[in-house]
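Undergrad: To start, I am sharing the structure in question, which I have written as structure tokens.
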Amino acid sequence: MSAKKSQAKTEQADLTADLVIAGAGYVGLTTAVAVKAASPHLNVTIVDGAPAGAWKKDPRASAIAAAASRMLNQLGCWEEILPEAEPITEMVITDSRTSDPVRPVFLTFDGEVEPGEPFAHMVENRVLNGALHKRAGELGIKFIEATSVDGFETLPQEVQVHLSTGETIHTKLLVAADGAKSKLRDLAGIKTVDWEYGQSGIVCNVSHEKPHNGVAIEHFLPSGPFAILPLKGNRCSLVWSERTADAERLISQDDFIFEAELEQRFGHHLGPLRVEGMKRAFPLGLSLSREFVKPRFALVGDAAHRIHPVAGQGLNLGFKDAAALAQVIVETDRLGLDIGSFAALERYQAWRRFDTVRMGVTSDVLTRLFSNDHLALRTARTIGLGLVDRLPSLKQFFIRQASGLTQDIPRLLQGEQI
């Protein structure tokens, strides 16, 4: 065999995979790591359209629920993350106007789901993504970076995934983890139910003088929720919902004016504030895919659903997708069956779609209920929050929901191997 023919054969082998995941965000990486860790013989390839190393510059932070941290521990990532993770020891909820001199606390939650186990940790995105990248490398997952999926063709026995380089990968299953504006979801012909709230979420980190002691605070203001989430050290991550026009105005201001507006909402309980790095605004809305799967094709994460951050569950919904799809793939493979078969993918869809719709509806109701200044609704909110605060069993139910430790969750989210 000539050297030229041998090289062509090697290139063809490199462009064959059992599983291709488009998108190297947290959910795409987690899906890849979960499958590869449980079934090392499977060839898993990630196609990442972002520039190489772009994730290292992400200034945002995320709330990692207890179920997700159990999964990350099982996958061999949590030990890398934990030194930089800040446990949420208490959750405080208030409901007031920006101009109110005092913001009474209507509801508080103890931060533990089990003794010594917080219901959530705050983790900076670069730390989370770094740990997942490192673990993926250790497992031998192949990365094709700075390359996007331009299209795909589904055949009875495979998917031909066409890359922006002009190359084609032949695979059994294509997973779209390419975000809320998923190109692959559209190419698959999957429709979504969408609406916008006329709000944008301002995201930034701040440093402050006094320790936060792990306390997270959510102020429900007429323009939307304002969440203060503790980070390592005397620092917090903010998720600040404002009407879109106001958010754009605030983002365009210099730090002095922005910090003055921020202090009106944040308060002075942690001393002087200083904005760290960039501040960004993202439009807020609800988007639910009508289907999660097509033949040899599946959606995960924001490609399947986008919800309002009012309940802090967007990323954790994506982690549930990753854990469920990985379990379906691995169990199907162990039976010697086709991991891209529609029967296997329908099991994943049935598992995830109801929970996603339920959480989408919940976040929508909370957004509409709390993002207003209507007197009757304010009174109802005050009564409702007060009742919940006085019923320990109901508070425990909400903590379990926020932790992700609910019924019928995938084994990884229970801290068990697939």
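Listed here are the residues, each with its yes/no results for (1) at pLDDT 90 or above; (2) farther than 22 Å from residue 30 by Cα.
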{"residue": "336", "(1), (2)": "yes, yes"}
{"residue": "349", "(1), (2)": "yes, no"}
{"residue": "372", "(1), (2)": "no, yes"}
{"residue": "387", "(1), (2)": "no, yes"}
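Undergrad: Let me ask something else about it. Being among the hydroxyl-bearing types (Ser, Thr, Tyr) and surrounded by fewer than 21 Cβ atoms within 10 Å (Cβ to Cβ): is that true of residue 31 here?
TA: no
Undergrad: Looking for whichever is under 23 Å from residue 364 (Cα atoms), outside any loop (DSSP other than H, G, I, E, B) and in contact (Cβ under 8 Å) with a residue 60 or more places away in the chain here; the options are 216, 247. Which one fits?
TA: None of the others qualify; the one that does is 216.
Undergrad: Does the stretch 263-279 hold any residues that are among the hydrophobic types (A, V, I, L, M, F, W, C) and in a strand (DSSP E or B), and which are they?
TA: Of everything in the stretch 263-279, those that are among the hydrophobic types (A, V, I, L, M, F, W, C) and in a strand (DSSP E or B) turn out to be 273, 275, 278.
Undergrad: Which residues, taken from the stretch 130-163, are touching an Asp or Glu at 6+ places or on another chain (Cβ under 6 Å), more than 17 Å from residue 43 (Cβ to Cβ) and either hydrophobic (A, V, I, L, M, F, W, C) or at pLDDT 95 or above (or both)?
TA: 131, 162, listed by residue number.
Undergrad: Considering the stretch 108-126 alone, what residues qualify as being surrounded by fewer than 19 Cβ atoms within 10 Å (Cβ to Cβ), more than 15 Å from residue 404 (Cβ to Cβ) and not small (Gly, Ala, Ser)?
TA: Once the filter is applied, which keeps residues that are surrounded by fewer than 19 Cβ atoms within 10 Å (Cβ to Cβ), more than 15 Å from residue 404 (Cβ to Cβ) and not small (Gly, Ala, Ser), the stretch 108-126 yields 108, 110, 115, 126.
Undergrad: Within the stretch 149-190, can you find the residues that are under 20 Å from residue 53 (Cβ atoms) and under 21 Å from the mean Cα position of the chain (by Cα)?
TA: If the condition is that a residue be under 20 Å from residue 53 (Cβ atoms) and under 21 Å from the mean Cα position of the chain (by Cα), then 177, 178, 179 are the ones that fit.
Undergrad: If a residue has to be in a helix (DSSP H, G or I) and within 26 Å of residue 65 (Cβ to Cβ) to count, how many in the stretch 229-244 make the cut?
TA: Going through the stretch 229-244 one residue at a time, the tally reaches 0.
Undergrad: Please verify whether residue 408 is modelled with pLDDT of 75 or more, surrounded by fewer than 13 Cβ atoms within 10 Å (Cβ to Cβ) and either within 25 Å of residue 287 (Cβ to Cβ) or touching a Ser or Thr at 6+ places or on another chain (Cβ under 7 Å) (or both), treating the condition exactly as stated.
TA: Criteria met by residue 408.
Undergrad: How many of the residues in the stretch 280-302 are out of contact with any helix residue (DSSP H, G or I) (no Cβ under 6 Å at 6 or more places or on another chain), within 30 Å of residue 258 (Cβ to Cβ) and part of a strand (DSSP E or B)?
TA: Going through the stretch 280-302 one residue at a time, the tally reaches 6.
Undergrad: Quick check on my filter: what residues within the stretch 306-324 are in contact with a Lys or Arg (Cβ under 8 Å, 6 or more places away or on another chain) and either of a type in the set (Lys, Arg) or crowded, with 22+ Cβ neighbours inside 10 Å (or both)?
TA: Result: 320, 321, 323, 324.
Undergrad: Moving to a separate point now. Suppose we keep only residues that are over 18 Å from residue 260 (Cβ atoms) and within 17 Å of the chain's Cα centre (by Cα) within the stretch 201-239. Which one would you say is surrounded by the fewest Cβ atoms within 10 Å (Cβ to Cβ)?
TA: 203
Undergrad: Which ranges mark the strands (runs of 3 or more DSSP E) fully within the stretch 111-180 that have 2 or more residues being of a type in the set (A, V, I, L, M)?
TA: Passing ranges, in order: 120-124, 159-163, 168-176.
Undergrad: Would you point out which residue out of 306, 249, 265 is of a type in the set (Lys, Arg), over 24 Å from residue 68 (Cα atoms) and touching a strand residue (DSSP E or B) at 6+ places or on another chain (Cβ under 7 Å)?
TA: 265
Undergrad: Same structure again: Identify the residue in the stretch 32-77 that is at pLDDT 95 or above and assigned to a loop (DSSP other than H, G, I, E, B) and, among all such residues, is farthest from the chain's Cα centre (by Cα).
TA: Top of the filtered list is 41.
Undergrad: Give all pairs with beta carbons closer than 9 Å in which a residue from the stretch 183-204 that is on the phi < 0 side of the Ramachandran plot and among the β-branched types (Val, Ile, Thr) meets a residue that is assigned to a loop (DSSP other than H, G, I, E, B) and surrounded by fewer than 22 Cβ atoms within 10 Å (Cβ to Cβ); count only pairs at least 6 apart in sequence or on separate chains.
TA: 190/290; 190/291; 192/290; 193/290; 203/59; 203/60
Undergrad: Could you tell me whether residue 321 is over 30 Å from residue 242 (Cα atoms) and in contact with a His (Cβ under 9 Å, 6 or more places away or on another chain)?
TA: No; evaluated as a whole, the condition is false for this residue.
Undergrad: Let me ask you something else. State which residue is nearest to residue 124 (Cα to Cα) when the search covers only the stretch 170-200 and only residues that are buried (at least 22 other Cβ atoms within 10 Å of the Cβ) and not small (Gly, Ala, Ser).
TA: Top of the filtered list is 178.
Undergrad: Right, something else. Which of the residues that make up the stretch 78-105 are touching a helix residue (DSSP H, G or I) at 6+ places or on another chain (Cβ under 6 Å), surrounded by 20 or more Cβ atoms within 10 Å (Cβ to Cβ) and modelled with pLDDT under 95?
TA: 95
Undergrad: Is there any pair linking a residue in the stretch 285-305 that is within 17 Å of residue 358 (Cβ to Cβ) to one that is of a type in the set (Phe, Trp, Tyr), with Cβ under 7 Å and at least six apart or on different chains, and which?
TA: What qualifies is 286/195; 292/348; 304/292.
The values are calculated or read from the model by the stated rules, or taken from the named source; none is laboratory data. Since this is a predicted model, take the numbers as computed values, not measurements. Glycine also receives a Cβ, built like all others from the backbone with ideal geometry; neighbour counts cover every protein chain displayed.
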